[in-house]
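Undergrad: After the structure tokens below, expect a handful of questions from me.
Read-outs: derived from the displayed coordinates by stated rules, not from any lab. Owing to the predicted nature of the structure, the values given are computational and were not obtained by experimental measurement. Cβ placement follows ideal geometry from the backbone for every residue including glycine, while neighbour counts extend to all protein chains displayed.
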Amino acid sequence: MRLSDSTRKYITAGLALFVLIGIIVSISLGKKQDAAFQANEMQYAMVAEQLQEGRFEAALESSKQLEKNQRDSENVNYVIALTAVNAGDIGKGIRHMQRALDLNPHKVEDAIFMLQYAEMLVVEEKVDEAAQVLAKCESLPAPEEYPEYEERVQELQEHLATLS
């Protein structure tokens with residue numbers, strides 16, 4: 001089967017038009033995605049700044065939109081957990097630490113993360129869970145930035161023993 005010159009021109013023009021429409025759509029969708037990403041990034045930065053400044057209630061309030069938009073982000077859940085605990089809502093902190101751990105199971109190898117999680121569980125007197133997390137903490141190497149790590153784990157285990 002042979003195609004005439006005009007048919008080839010129409011096919012070529014159709015393909016070019018299809019590619020051009022695809023490029024326009026992808027640029028439009030990309031701009032929307034960029035705007036959403038920048039808004040989320042600004043919200044995250046604001047929550048982190050409020051957390052560093054010690055304005056925990058404001059950070060917790062600011063994190064609500066961030067939580068809504070990025071529920072499946074390990075870092076967002078971790079920041080919300082720290083914010084909630086510092087604002088006095090330890091239960092929410094534990095839920096978000098667990099969610100961060102569920103999203104990234106490799107966090108069990110992060111000594112600081114696990115120690116913070118254990119501290120929350122001890123404060124809430126969740127003895128069995130805290131004992132498991134502290135046992136994992138014992139097996140992890142002490143981080144260089146926290147030389148008192150092993151002593152802190154021992155303190156928490158001793159405190160946990162008084163709760164049993």
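Undergrad: Among LEU60, LEU17, LEU160, which comes first, second and so on when ranked by fewest other beta-carbon atoms within 10 Å?
TA: LEU17, LEU160, LEU60
Undergrad: Test of understanding: what is the full-extension gain from SER139 to ARG8, defined as 0.36 nm times their sequence separation minus their Cα-Cα distance?
TA: The span from SER139 to ARG8 would gain 40.2 nm if fully extended.
Undergrad: Here's something else I'd like to know. Along the Cα-to-C-beta direction of LEU163, a point sits 7 Å from the Cα; which residues of the stretch 126-144 have their amide N less than 18 Å from that point?
TA: 126-138
Undergrad: Exposure proxy check: LEU3, LEU103, LEU134 ranked by fewest other beta carbons within 10 Å?
TA: Least to most surrounded, the residues fall as LEU3, LEU103, LEU134.
Undergrad: Another question, if that's okay. Consider the candidate values (1) 27, 16, 14; (2) 51, 20, 13; (3) 22, 19, 15; state which one is semi-axes √(5λ) of the Cα gyration tensor in Å computed from the structure displayed.
TA: Here the calculated entry is (2).
Undergrad: Over the chain, with a Gaussian network built from C-alpha contacts below 10 Å, which listed residue (GLU125, GLU145, GLU74) shows the highest mean-square fluctuation?
TA: Answer for the Gaussian network model of the chain: GLU145.
Undergrad: Moving to a separate point now. Count the lysine pairs in the stretch 7-87 that are 8 or more places apart or on different chains: how many have C-alpha atoms under 27 angstrom apart?
TA: So the count works out to 4.
Undergrad: So for TYR78, TYR10, fewest C-beta neighbours within 10 Å to most, what's the order?
TA: TYR10, TYR78
Undergrad: As a check on your grasp of the helix formula, calculate [θ] at 222 nm for the chain: sum -39500 (n - 2.57) over DSSP H runs of n ≥ 4, divide by the residue count, round to the nearest 500.
TA: That comes out to -27000 deg cm²/dmol.
Undergrad: Given a Förster radius of 45 Å and the C-beta distance between GLU125 and SER28 as r, what FRET efficiency does 1/(1 + (r/R0)^6) yield to the nearest 0.05?
TA: The value I calculate is 0.25.
Undergrad: Angle check, please: helix 149-163 long axis (alpha carbons) against the longest principal axis of the chain (alpha carbons), in degrees 0 to 90, nearest 10.
TA: The helix 149-163 is inclined about 60 degrees to the chain.
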